[in-house]
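These notes are about the structure you will find just below.
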């Protein structure tokens, strides 16, 4: 999942990565579809991914609605409520703006137990 976050951050709002972002969206949908429907809402990894997808300013609402549909939220009004609430959060797991990704990744590596 970390690679997804890194790529979303790297692609951000850049027009030159529109095609790559489209491919990444398809990968995200396939990751979710690969998990049995009854397991999706209890999977920690998918829950964290879902929260960050909704808070990510680089993903459009139509994509977020597709993700919600995969989690069983089909009603448009409910989807919009969830997306609007999530966008008000500064961050869930990933801080999308106002941080240095290179610094964060290097700090993570320096905390390795067996380095």
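Values quoted throughout were computed directly from the atomic coordinates according to the rules given, and no laboratory measurement underlies them. Since we're looking at a predicted model, the values are computed, not measured. When we count neighbours, we look across all protein chains shown, and the Cβ atoms used for this are built from the backbone with ideal geometry, even at glycine.
Under the 0.36 nm per residue contour assumption, what length would be gained going from the current alpha-carbon distance of residue 16 and residue 51 to full extension? The partial results should precede the final answer.
Numbers: separation 35, 0.36 × 35 = 12.60 nm, distance 2.60 nm.
Result: 10.0 nm gained on full extension.
Please report the base-10 log of the normalised intensity I(q)/I(0) for the range 2-96, using a Debye sum with one equal scatterer per alpha carbon and no solvent, at each q in 0.10, 0.11, 0.17 (1/Å). Once normalised to I(0) and log-transformed, intensities are -0.24, -0.29, -0.72. Between the Cα long axis of helix 76-88 and the first principal axis of the chain there is an angle of about 20°, rounded to the nearest 10. Only helices enter the 222 nm calculation for the chain: every DSSP H run of n ≥ 4 contributes -39,500 (n - 2.57), and dividing by all residues gives -19500 deg cm²/dmol, rounded to 500. Determine which residues of the range 1-37 fall in the zone a paramagnetic label at residue 60 would reach in this model, i.e. backbone nitrogen under 12 Å from the point 7 Å along Cα→Cβ. What the label zone holds, given the 12 Å backbone N cut-off, is 18-19, 22. When the chain is treated as a Gaussian network with alpha carbon springs shorter than 10 Å, the biggest mean-square fluctuation among 21, 59, 29 belongs to 29.
A simple spin-label model places pseudo-atoms 7 Å from Cα toward Cβ; at residue 43 and residue 31 they are separated by 1.0 nm.
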